[in-house]
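Notes for the one structure printed next.
The values are calculated or read from the model by the stated rules, or taken from the named source; none is laboratory data. Remember, predicted model here, so these are calculated numbers, not experimental data. All Cβ positions, glycine included, derive from the backbone under ideal geometry; neighbour counts span all protein chains shown. These accessible areas exclude ligands, DNA and RNA; they are computed on the full protein's heavy atoms, side chains included. Shrake-Rupley method; radii C 1.70, N 1.55, O 1.52, S 1.80 Å.
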Amino acid sequence: MVKRIILLLAISISLNGMLKADEGMWIPMLLEKYNIEQMQEMGFKLSAEDVYSVNQACLKDAVVIFGRGCTGELISDKGLLVTNHHCGYGEIQYHSSVENDYLTNGFWAMSPEEELVNPDLTVTFLKRMEDVTDRVLEGVSDDMKSVDREKKIKENIAAIKAEAVKDTHYTAVLKPFFNGNQYFLFINEIFKDVRLVGAPPSAMGKFGGDTDNWMWPRHTADFSMFRIYADKDNKPAKYSKDNVPYKPAKHFSVSMKGVEEGDFTMVFGYPGSTYQYVPSYHLEMLTETINPKLIDVRTEKLDIMNRYQEADPAVRIQYAAKNARISNSWKRWIGENRGLEILDAINKKRTYEKNFQAWSDANAKEYSNVLAQYKKVYDEYSNYRLAYGYYREMIPSNGMEIASLANKMDVLKAIYKAEKVDEQAVGKLKEQLLKKVDLFFKDYYKPLDKELTAKLLGMYAANIDAEFQPEVYGVINGKYKGDVDKYVDMLFAKSIFDTKESVVEFVNAFNAKSIKKLEKDPAYILNASFNKVYNEVIYPELNKQKLNKLNRQYMAAQMKFEDDRVFYPDANFTLRVSYGQVKGYNPRDAVYYKHFTTLEGIIEKDNPDIYDYRVPEKLKELYEAKDYGRYEVEGTVPVCFIATNHTTGGNSGSPVLNAEGHLIGINFDRAWEGVMSDLMFNPDQCRNISLDMRYVLFIIDKFAGAGYLLDEMTIVE
Ligand code: ARG
Ligand code: GLU
């Protein structure tokens, strides 16, 4: 204990307050310069070169983008990979049928032949990154007109990317950092043959469901396993039975040593987006307008869905994924608002801005107008942002389903509007469309959608300014005298989009003459009228990107204002390192949350009457028999743990490493009290939630009987 206090003192003295511990999503290439000293003082035993290097195999060679929005990591020299269950969910669902319900029962390939092929799944390795700021900004000056500036930058980027991957099978990604003050190039290698190896049943992989989502204490075995295949030269290749397991340059050793409070821990993955440097006006917009309004509309959606889902088990399954998607952000927004309020975040920003203004008035007059301009832009922008957010809730983001189905017909319409109709293309398109229609109706319950449609139309009218109201309200308010229910009755009576039979028939018979019929369909009209507002009113204004220049200037200015602070760039779905400590927290008065959970907690939560808390029999048997093998710790099995690592969406599936760089956990969530960390980090409340690797190994070995997978791992006991 004494030792730890001395250590902490040493940290705060040596870094002189320039670097905060815990907060930050750091650029792997720059650890040597900014972070490694602090990391090592906190206990990390490796060097910056061990984490990221272009000269030697390093930890970054074992981290991948999994699919489009998650992270994964390699845990064997035969291409074996782990990520979250919720990241592999689509693949698990894709292979599931009533006969082979892998979502419910789990799936384990007991040999390579049993692994399942996933047509559209890719994993992406980072080969190297490079600061290309100077080249991106070549020929660009600050007094250029915005459009010209953007155009020049675009050209430069295209040229740099093309040159970087010329004559290789790599792909290039080039992204702005610090709001366009810096640019990095990323050279990637993308693998296309990635097979499903294993997943626990949802009752474990999703244990706690949406009830426990974003919450600690947590007991979710949120993992799934895949294997990357390559051609005989270890290069990416499309699926072929001749492909062989990929040999990565590096894979993580899996540690069974576990974690103690205070231990060093780091997360290495792909955080999606954060907004740390926005002005107070942004926080006002979010906390006072956008979050509350969008929370309200989703509360109504969830109320309707929950009611129908509780009444009918078939509907419960149909709407399970939709409900989860809606509730995920809904719950995060509620937590975000609460967290920002408790932090007094707006006032903190205001105080900061006052000091900033005084500094810039005295020392950097070129920035003296930035905040005033921000205020002006946000006054208008907020309305458009809200309209945009609400529009998304109406149709694209799990809104009125019948309208979103009608929306899918636009591709057919487009093909018949073309001068020469490509009959072959039509055939293919119809086929694809019919597949979508099939999937749509598999998970569609008309009475629910009808109620939802009426509710959403009413809410949009009540919450969104007249200038954003689509023409369809003219009909509702005119012919239907404002009676939304009556309008919706007509809509569902007249539209062809409410039954599968009529839609299939319509698609099959579609030809040039069908366009008229389509354009008369009330569901199509409804969809088109919302799209029109989006395309003609909302999008053009948002696309002017009035904030871009201000954001760039304000970022640069803040870096000058606090010239002794080391800044990290906002998350932008590029590879980052976060580091901190394993640590509990006080969520509220008198309550302390410990840093880890165990199997005991799963059994405590077990309740056959609550869908989210049904513990599989097999797990209960292992518990009764205390059959824990080498995974036992003090009479139980560790399940999840929390730490102070700064993470966000996209970090799902990220490796959580100990001081030796060994894998101790898989990141999958944040604790609710700390989800405002996307905007402002609070070291007392912000915790990332990880699945303990010992529980993962226990499940593979004892629960699934797939212990053979452990043989290819490097396990450190
Ligand atoms: N909150 C986590 C994330 O943002 C998990 C989401 C999936 N789980 C769920 N119960 N909906 O991705
Ligand atoms: N579940 C989140 C994801 O998809 C991670 C949680 C977070 O936002 O930190 O990435």
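Here are the numbers:
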quantity	calculated
Radius 12 Å from Cβ of residue 355, net charge of other residues (Lys, Arg +1; Asp, Glu -1)	+1
Computed E for residue 376/residue 338 - FRET, C-beta separation, R0 30 angstrom, nearest 0.05	0.50
Of 270, 625, 682, farthest towards positive along the dipole that unit charges on Lys, Arg, Asp, Glu beta carbons give the chain	270
P(r) weight above 33 Å for the chain, C-alpha pairs, percent	56
Whole-Hz ³J(HN,Hα) from phi, Karplus 6.51 cos²θ - 1.76 cosθ + 1.60, for the range 285-301, glycine and proline x	4, 5, 6, 8, 10, 5, 4, x, 5, 6, 4, 4, 5, 6, 4, 5, 4
Kirkwood Rh in Å, taken over the range 568-642 so that all alpha-carbon pairs contribute	15.6
Count, lysine Cα pairs under 24 Å in the range 226-305, 8 or more residues apart or across chains	8
Highest average packing first - 308-321, 519-532, 133-146, Cβ atoms within 10 Å	519-532, 308-321, 133-146
Listed pairs 408/481; 605/702; 78/192 exceeding 18 Å between Cα atoms	408/481; 605/702
Helical mean residue ellipticity (222 nm; -39500 (n - 2.57) per DSSP H run of 4+; nearest 500) of the chain	-13000 deg cm²/dmol
Residues with amide H under 5 Å from that of residue 254, placed H, sequence gap 5 or more	663, 714, 715, 716
For the chain, Cys with no neighbouring Cys Cβ under 4.7 Å	58, 640, 686
Solvent-accessible area per residue, Å², over the chain with all protein chains present [probe radius 1.4 Å]	44
Neighbour net charge for residue 295 - beta-carbon separation under 13 angstrom, K R +1, D E -1	0
Partners for residue 348 among aspartates and glutamates (Cα-Cα distance below 14 Å; same-chain residues under 8 apart left out)	284
Only Lys, Arg (+1) and Asp, Glu (-1) charged, at Cβ; the chain dipole about Cα centre in debye	1720
Three-way shape call for the range 570-717 based on the alpha-carbon gyration tensor, with the a/c threshold at 1.5	oblate
Nearby aspartates and glutamates by direct alpha-carbon distance to residue 455 (threshold 16 angstrom, same-chain neighbours under 8 apart not counted)	296, 300, 303, 393, 401, 483, 485, 489
Cα shape, the range 14-158, gyration tensor, a/c 1.5 rule	oblate
Note, ³J(HN,Hα) from phi for the range 321-327, Karplus 6.51, -1.76, 1.60, rounded to Hz, x at Gly and Pro	5, 5, 4, 4, 5, 5, 6
Accessible area of the chain belonging to carbon and sulfur atoms, whole % at 1.4 Å probe	51
Cα-Cα P(r), the range 265-356, percent of pairs per 10 Å interval	14, 33, 27, 19, 6, 1
log₁₀ of I(q)/I(0) at q = 0.13 Å⁻¹ - the range 636-692, Debye sum with one point per alpha carbon	-0.31
Relative packing of peptides 675-682, 69-76, 707-714, 622-629 - highest average C-beta neighbours within 10 Å first	69-76, 675-682, 707-714, 622-629
Cross-link pairs beyond the 27 Å C-alpha cut-off, checked among 435/618; 413/549; 354/376; 417/479	435/618; 413/549; 417/479
Peptides ranked, highest mean first, by Cβ atoms within 10 Å: ranges 566-577, 151-162	566-577, 151-162
13 Å beta-carbon shell around residue 384, net charge (K/R +1, D/E -1)	-2
Two-site label geometry, residue 607 and residue 365: point separation in nm, points 7 Å out along Cα→Cβ	6.7
